[in-house]
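All remarks here apply to the structure that follows.
The values are calculated or read from the model by the stated rules, or taken from the named source; none is laboratory data. None of these values were measured; they are calculated from a predicted model. Quick reminder, even Gly has a Cβ in these numbers, built from the backbone with ideal geometry, and neighbours come from all protein chains shown. Just so you know, the surface numbers come from the protein's heavy atoms only, side chains and all, with ligands and any DNA or RNA stripped out. Shrake-Rupley method; radii C 1.70, N 1.55, O 1.52, S 1.80 Å.
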Amino acid sequence: GIRDLVRSRGLGDVYKRQKREHLVKLVNKSDNHPVRFGKQSLRFEVRNGDGWGWDARNDRERSELLICCVNKKTTWTAWSLYLPNDYEKIFPAKTMLAQFHNDADNPPAFAFNNKKGGYWIAIEEYILEKYYKRKLLDHSEMLGRWNDILVNAKWTHKKDGFFKIWINGKLAFNHKGMTQEKGEQIEFHVGIYRSFLSRTSGPDKTQIAYYDEIRHAKSCKKLKLKDLGYSCKEIEIQK
């Protein structure tokens, strides 16, 4: 569960030592925080200046949770995302709200960006030979409500790979072909990652995002999506 995920990585202790306790918190429904299912969710917050080390030197800020390694042949990954009604974009700076990132120096193979107009999937050119982006949700559809994202991927440097995305139970994107470079490990990141901050006049607005029901498995069935209102049988027949 989310509580175990946070504890296993010691995130609370790390952020307390850095005096940035706002960055990620395990919050409760009883305290009027949005929760997708159950009693708790993860709250991420990035404020102006929340970059240090490499990020601070490279025009970036972030609060992320990294889950490695998720490219074990064919995988299923699900998460739910909630943006408060007062959430503001910082475009033309970039805000990433999930990514499947390689462990080498390449940019993330598949990135979920909140930019002008909404929520986009972006695929780097080393996967598709040219940079590709596609809108998945309008910005208005993201505010004040939960959106459920589901990804089924076959991880390979060969042409028989795929990367499928369902938004709220509907197939929204289906990439066929290479999904990683040979020998890479793929990490799954959730949270808020801001880059190219110098594109704005600053200081940039504080951004808050909630995540819940972060699940990863080798099959759709093992994700146990029924409690979220979805049927794997109905999901898997979509093309």
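Worth pointing out:
- Residues of region 87-134 satisfying the condition of being charged (D, E, K, R) and in a loop (DSSP other than H, G, I, E, B): 88, 89, 103, 105, 116, 124, 129, 130
- If you filter region 21-61 down to residues that are free of Cβ contacts under 8 Å to residues at least 40 places away in the same chain and of a type in the set (Lys, Arg), you find that the one that is least open to solvent (accessible area, probe 1.4 Å) is 25.
- When we screen 146, 166 for residues that are of a type in the set (Phe, Trp, Tyr), modelled with pLDDT of 95 or more, touching a helix residue (DSSP H, G or I) at 6+ places or on another chain (Cβ under 7 Å) and within 20 Å of residue 113 (Cα to Cα), the only hit is 166.
- Lone qualifier among 98, 153, 122 - being touching a Ser or Thr at 6+ places or on another chain (Cβ under 8 Å) and at pLDDT 95 or above: 153
- Identity of the residue in region 125-141, aliphatic (A, V, I, L, M) and under 19 Å from residue 189 (Cα atoms), that ends up surrounded by the most Cβ atoms within 10 Å (Cβ to Cβ): 127
- Failed item, numbered, when residue 173 is tested on (1) under 18 Å from residue 81 (Cβ atoms); (2) free of Cβ contacts under 8 Å to residues at least 24 places away in the same chain: (2)
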